[in-house]
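**Student:** First, the structure itself, so that you have it in front of you.
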Amino acid sequence: MDPNYERQRRLIEEATLGTVRARAKHAEEDRLAAEQGRADAKKNFNASEADRWPWGSYETKHLRMLAAAVKELWIRYVPGEPDTAPTNQQVIDWLVKRNVTQYVAEVMATIIRADGLKPGPRKQASGVPRTNGT
């Protein structure tokens, strides 16, 4: 809506209704518009943030690195096929190469490890245990 039109409308209304009543009405209109704006912003925030994994717009370098590690190393994991999962050491090495400290890399590897995945060396399809880092 044209701001000049809105201003003229308000001035005419003030002359007609009286300044106090008109201003009270306009204050209520402004309050409702602001409330609607907040509701729209929240709706838009929720819609756009639904696409971001999983913490919405909140980001830190470690959260970005955590997401990158999942995308890079865990994307090929098939539940029920443990040989498709990266080892914790592979995840740690990948993170350390990207300037994550050893301790934080170890914690991140634990956080993103698939639930129910047994610890220890995993066997490849051939039945031979994988060595660390392969």
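**Student:** Report, ordered by the first and then the second residue, all pairs with beta carbons closer than 8 Å, sequence separation of six or more or different chains, a first member in the stretch 95-120 that is within 15 Å of Leu73 (Cα to Cα) and assigned by TED's automatic domain parsing to the domain that holds Arg64, and a second member that is among the hydroxyl-bearing types (Ser, Thr, Tyr) and outside any helix (DSSP H, G or I).
**Tutor:** Filtered contacts from the stretch 95-120: Ala114/Tyr77.
**Student:** Only residues that are under 16 Å from Gly120 (Cα atoms), out of contact with any helix residue (DSSP H, G or I) (no Cβ under 7 Å at 6 or more places or on another chain) and β-branched (Val, Ile, Thr): list them for the stretch 68-102, please.
**Tutor:** Thr84, Thr87
**Student:** I'm checking my understanding of the structure. Among residues of the stretch 77-97 that are part of a loop (DSSP other than H, G, I, E, B) and at pLDDT below 95, which one is farthest from the chain's Cα centre (by Cα)?
**Tutor:** Taking the candidates together, the pick is Gly80.
**Student:** Of all residues in the stretch 97-123, how many are β-branched (Val, Ile, Thr) and over 17 Å from Thr60 (Cα atoms)?
**Tutor:** 1
**Student:** Going by the conditions given, is Leu63 at pLDDT 85 or above and within 19 Å of the chain's Cα centre (by Cα)? Don't jump to the end; show me each part of the working.
**Tutor:** Details: at pLDDT 85 or above: yes; within 19 Å of the chain's Cα centre (by Cα): yes.
It is true that Leu63 is at pLDDT 85 or above and within 19 Å of the chain's Cα centre (by Cα).
**Student:** Tell me which residues, restricted to the stretch 55-74, are of a type in the set (Val, Ile, Thr) and closer than 15 Å to Ile111 by Cα.
**Tutor:** So the first thing to find is which residues in the stretch 55-74 are of a type in the set (Val, Ile, Thr), and the list is 60, 70.
Of everything in the stretch 55-74, just one residue is of a type in the set (Val, Ile, Thr) and closer than 15 Å to Ile111 by Cα, namely Val70.
**Student:** Something else about it: Could you tell me which of the residues Trp74, Trp55 is modelled with pLDDT under 80, within 30 Å of Ile92 (Cβ to Cβ) and either touching an Asp or Glu at 6+ places or on another chain (Cβ under 9 Å) or surrounded by 11 or more Cβ atoms within 10 Å (Cβ to Cβ) (or both)?
**Tutor:** Only one candidate passes the filter, namely Trp55.
**Student:** Here is a further query. When only residues in the stretch 77-101 that are closer than 16 Å to Met65 by Cα and among the hydrophobic types (A, V, I, L, M, F, W, C) count, which is surrounded by the most Cβ atoms within 10 Å (Cβ to Cβ)?
**Tutor:** Leu95
The values are calculated or read from the model by the stated rules, or taken from the named source; none is laboratory data. Since this is a predicted model, take the numbers as computed values, not measurements. All Cβ positions, glycine included, derive from the backbone under ideal geometry; neighbour counts span all protein chains shown.
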